[in-house]
Amino acid sequence: MGRSVSRAETFVDDVVIMVTVLVATRGRESLLPGCLASLLRQTMLDRTEILVIHGPGGRDLEAVRSLEPCPAIRCIPAPRPGLYVAWNAGIDQARGRYLTTLNSDDRLRLDALAVMADALDAHPDVCLVYGDSLVTDRPDETFEHSSSNGRRLCWPEYSHRALLERCICGPHPMWRRAVHARAGAFDETFQSEGDYEFWLRLAERERMLHLPEPLGLYYENPAGLSRVSPERAMRERVRIVQRYLHRYRDIVRTERWPPSRTPCC
């Protein structure tokens with residue numbers, strides 16, 4: 001948790017790497033090719049690097065090697081199991097100005113990386129941007145061809161209160177790599193809710209921005225980390241609220257509590 005990352009921008013063949021996508025995977029070899037295909041079709045692929053951080057066990061690395069070689073993809077091993085262990089390992093080797101994550105069972109709109117990177121460029125006072133998501137209950141669909149029928153996670157406009165009520169940043173936000181020099185790494189003691197803890201840590205000093213358009217496709221995976229053990233997820237959320245509630249006591253005192261349910265459009 002105490003590590004920080006601070007490096008200059010990286011150029012590859014005189015092109016600035018703008019975005020690093022962190023794809024943490026372990027035993028997801030059946031979904032990984034579709035995930036990577038979603039990324040390889042991005043409109044700003046020439047300024048993007050994709051880090052596939054593969055955990056011990058599984059055949060994820062074989063799934064990557066079965067694809068056509070692509071210089072945008074790099075594979076690195078995670079030192080041990082754990083989602084946030086993998087993300088931190090990727091951040092340590094990231095070269096992009098901006099970072100985002102993509103679960104192997106989710107997909108992005110073709111211009112999602114460009115839209116989020118442009119928003120961060122246009123708002124230098126913002127550390128993180130997040131969009132809405134279409135929702136599906138069928139695996140391995142694409143954003144363009146899904147069974148969502150318009151079902152959508154509509155996140156609220158950013159405020160400290162909204163973030164403290166629940167994790168509003170969605171499944172695929174984009175943030176500045178430079179914030180890790182100030183805020184540190186993801187807390188590896190969490191198993192499924194560590195991103196929420198990190199966003200709250202960022203919110204103490206930084207501002208975030210909601211982009212009110214669907215930028216990705218979220219798969220409601222019954223085997224997802226939060227769903228496979230809802231009791232553990234709840235314990236982690238309680239631990240997070242206990243850690244940060246006193247830091248935002250003035251906001252909580254004047255605003256509604258507890259939160260309302262995140263709506264689907």
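The values are calculated or read from the model by the stated rules, or taken from the named source; none is laboratory data. Because the structure is a prediction, the values reported are computed rather than measured. Methodologically, a virtual Cβ is constructed for each residue, glycine included, from the backbone with ideal geometry; neighbour enumeration extends over all protein chains shown.
Would you check if T43 is within 23 Å of V126 (Cβ to Cβ), of a type outside the set (D, E, K, R) and part of a strand (DSSP E or B)?
no
Of the residues that make up segment 133-143, is at least one within 27 Å of A223 (Cβ to Cβ), in contact with a Cys (Cβ under 8 Å, 6 or more places away or on another chain) and not polar (S, T, N, Q)?
Yes - at least one qualifying residue is present in segment 133-143.
Any residue that is under 18 Å from the mean Cα position of the chain (by Cα), more than 25 Å from T48 (Cα to Cα) and aliphatic (A, V, I, L, M) - is there at least one of those in segment 139-154?
Yes, some residue in segment 139-154 is under 18 Å from the mean Cα position of the chain (by Cα), more than 25 Å from T48 (Cα to Cα) and aliphatic (A, V, I, L, M).
Determine whether Y98 is in contact with a Lys or Arg (Cβ under 9 Å, 6 or more places away or on another chain), at pLDDT 95 or above and of a type in the set (F, W, Y).
Considered against the rule, which asks whether it is in contact with a Lys or Arg (Cβ under 9 Å, 6 or more places away or on another chain), at pLDDT 95 or above and of a type in the set (F, W, Y), Y98 comes out as yes.
Taking the condition of being closer than 28 Å to G34 by Cβ and over 13 Å from the mean Cα position of the chain (by Cα), how many residues in segment 155-181 meet it?
1
If you take the residues of segment 209-233 that are touching a Pro at 6+ places or on another chain (Cβ under 8 Å) and either crowded, with 17+ Cβ neighbours inside 10 Å or polar (S, T, N, Q) (or both), which of them is modelled with the lowest pLDDT?
N221
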